[in-house]
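A short worksheet on the structure shown next.
The values are calculated or read from the model by the stated rules, or taken from the named source; none is laboratory data. All values reported here derive from a predicted model rather than from experimental measurement. Here the Cβ is made from the backbone with ideal geometry for all residues, glycine too, and neighbour counts use every protein chain on show. These area figures cover heavy atoms from the full protein model, side chains too; ligands, DNA and RNA do not enter into them. Shrake-Rupley method; radii C 1.70, N 1.55, O 1.52, S 1.80 Å.
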Amino acid sequence: MKRALKWIGIVVAVLVVIVLVLPFVINVNSFRPRIESELTNALGRKVTVGNISLSLWSGSLAAENITIADDPSYGHDPFIRASSLNVGVEVMPLVLNKVLHITDLTLSQPQVTLLRDKSGRWNFSTLGSASPTKNGSAPAPTPAAGAGGSKPAPGQKNQPSAPAGTNQTSNNDKDAANPASEQSIQQNLSVGKLDIKDGQVTMADAGSRGKAHVYKNVNVSVKNFSFSSQFPFTLSADLPGGGSAKLDGTAGPINPSDAAATPLQAKIAVKGLDLAASGFVDPSSGIAGIAAFDGQVSSDGTQAKSSGNATAEKLKLSPKGTPAPRSVNLRYDTTYGLQKQTGQIQADVSVAKAAAKLSGTYDLRGDSAVLNSKLNADNMPVDDLEAMLPALGVILPSGSSLQGGTLSADLNITGPVDKLVITGPVKLVNTKLAHFDMGSKLSAISALSGAKSGPDTSIQNFSSTVHVAPSGIQTENINLEIPAIGTLIGNGTISPQNALNYKMTANLSGAVTSGLSQLAGLSGKSASIPFFIQGTASDPKFVPDVKGIVGSQLKNQLGSQIPGGQNGKGVVDAIGGLFGKKKKQ
């Protein structure tokens, strides 16, 4: 027993000595030209590798200061810089025969720059498709015999060794390492495991001064990587401005003419995307909120499709808006043309029980996404929508709120997302403007008619054609039916500073007309009173249109005779009293 333990100890000691001594005996830097050559040929980009060291404990080579050149048409800065590259190798072929068989690759802390030109083509599109001799990087060196140019091991023929990333035997090395066959190199380049750790990816438009989007803590794990077959992958990253994204699926085979057109299928999950801080939309648009979504994405290399569910919290859609207290949910299906950079979308949008349908197209070719879509909503509960009004920049009179009833709309949404124009008809039915007394704003009307609107204003119907743009809001063909008062019609605008400029006419109901007739010395069953709404959306001011009253409405009704011996001034003073205006003595 003691003798056996002694021999075991000797063997262990010898192995330890081998592990400690061999890294100093084997000149692993002799593999550097070989690694650079085969990666350069496989990627179609000049690859440079710094000092290489060997660790037999982990069975890996460690290379420092890795750079991969960019497509020269996009610039001369490196496409990738990395602090280190760990290359997993089969130890025994390396030790005994000095043959390099790569099992896995780990790229640590790479900095990757992704650039897209005006045609939509990316700088990584040519990866693996262009020979370095064609793109001007460098001619591809011929792989040396054996590994790193060393002599073949005893009993072996003098022939090229297997390309980096292959597990083929030396009998197949000759064909695989033939530098004249670039496609052969790509097809034989395979790695059991490929990892990218703690990377940083910068995405921008080539030649543009627009803001670049930076993704940090990028981690990618790929198994059984090959140019010519499908492989599973997982990708995670921190998003620009906050939040995270994760993709889990399969990709490949690599498209030999355009790597960006490589097919893929994956599940995608995004959490905590800050719309304002991300830089995806112009901050001046006022669009903000925290978004999340889960879905599926697939691409055949030409067209990408995605479907899933998205949620936006604290959403704001206007520069003068405030974050909405309720979440907005979106169930979507979209198709996107990778080369054309345009797509179609169908979506169901909901806020609690209020639901609408969104459909249309989008264009991502410019500095800002351009929409051309329609939003159709039928009988949405006002109580669920009321909380969204501040997010849209819609301001009600101070202290008031909409309660009850339904809202319907059929809107066109067009233009860049930071300068959207929204047009179309809207309609409110059987709602109430709580804590706003329209009767008191029209002063004497309620006293004359005996029909008081009370602390709230009941609205039987409101309809208008709206035009919302960065320059302000226009509302045309307003028809507002208030049972206690009558029907108000007109047109007007709301400026970006919320200043009101409305020209309205009140077609008063029977009870109100009776009181008005007695005050003004009029007779008849109806009356129309023109007036202005000025002030601000939070503090509207109702002002009589004196010129309109004297010059049109009353003149048409009374002719040249004014009953009761009143003159025009008396009529104006009487009508002015309806709006709380004191009569001049």
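Count of segment 341-373 residues, restricted to those that are part of a loop (DSSP other than H, G, I, E, B), touching a Lys or Arg at 6+ places or on another chain (Cβ under 7 Å) and open to solvent by 40 Å² or more (accessible area, probe 1.4 Å), is 1.
Could you please let me know if Gly337 is of a type in the set (Gly, Ala, Ser) and touching a Pro at 6+ places or on another chain (Cβ under 8 Å)? Judged against the criteria, Gly337 is not a match. Filtering segment 217-275 to residues that are basic (Lys, Arg) and at pLDDT 95 or above leaves Lys246, Lys267, Lys271.
In segment 275-334, the residue that is nearest to Thr361 (Cα to Cα) out of those that are free of Cβ contacts under 8 Å to residues at least 40 places away in the same chain and of a type in the set (Asp, Glu) is Asp333.
Scanning for something closer than 29 Å to Thr234 by Cβ and buried (at least 17 other Cβ atoms within 10 Å of the Cβ), does segment 386-395 turn up at least one residue? Scanning segment 386-395, I find no residue that is closer than 29 Å to Thr234 by Cβ and buried (at least 17 other Cβ atoms within 10 Å of the Cβ), so the answer is no.
Sort out which residues of segment 276-306 are at pLDDT 90 or above and open to solvent by 40 Å² or more (accessible area, probe 1.4 Å), and write them in order of number. Within segment 276-306, Ile290, Phe293, Asp294, Gln296, Ser298, Asp300, Thr302, Gln303, Lys305 meet the criteria. Being polar (S, T, N, Q) and loosely packed, with under 15 Cβ neighbours inside 10 Å is a description that does not apply to Ser236. Scan segment 75-86 and report the pairs whose first residue is within 27 Å of Leu54 (Cα to Cα) and of a type in the set (Lys, Arg) and whose second residue is open to solvent by less than 50 Å² (accessible area, probe 1.4 Å) and not in a strand (DSSP E or B), with Cβ atoms within less than 8 Å and a gap of 6+ or a chain change. Once the first residue is within 27 Å of Leu54 (Cα to Cα) and of a type in the set (Lys, Arg) and sits in segment 75-86, its partners that are open to solvent by less than 50 Å² (accessible area, probe 1.4 Å) and not in a strand (DSSP E or B) give Arg81/Pro110.
Say whether the condition of being open to solvent by less than 50 Å² (accessible area, probe 1.4 Å) and closer than 24 Å to Ala42 by Cβ is met by at least one residue in segment 210-218. Yes, segment 210-218 contains at least one residue that is open to solvent by less than 50 Å² (accessible area, probe 1.4 Å) and closer than 24 Å to Ala42 by Cβ.
If you go through segment 45-64 and keep only what is at pLDDT below 85 and either in a loop (DSSP other than H, G, I, E, B) or within 13 Å of Arg32 (Cα to Cα) (or both), you end up with Ile52, Ser53, Leu54, Leu56, Trp57, Ser58, Gly59, Leu61, Ala62, Ala63. For segment 315-332, a tally of residues being assigned to a strand (DSSP E or B) and more than 15 Å from Gly393 (Cβ to Cβ) returns 5.
All conditions but one from (1) over 30 Å from Leu392 (Cβ atoms); (2) without any contact (Cβ under 8 Å) to a residue 40 or more places away in the chain apply to Ser244; the one that does not is (1). Is at least one residue of segment 250-269 under 29 Å from Ile196 (Cα atoms), within 15 Å of the chain's Cα centre (by Cα) and of a type outside the set (Asp, Glu)? Among the residues of segment 250-269, at least one is under 29 Å from Ile196 (Cα atoms), within 15 Å of the chain's Cα centre (by Cα) and of a type outside the set (Asp, Glu), which makes the answer yes.
Is it the case that segment 65-82 has a residue that's open to solvent by 60 Å² or more (accessible area, probe 1.4 Å), assigned to a strand (DSSP E or B) and at pLDDT 90 or above? Yes, because at least one residue in segment 65-82 is open to solvent by 60 Å² or more (accessible area, probe 1.4 Å), assigned to a strand (DSSP E or B) and at pLDDT 90 or above.
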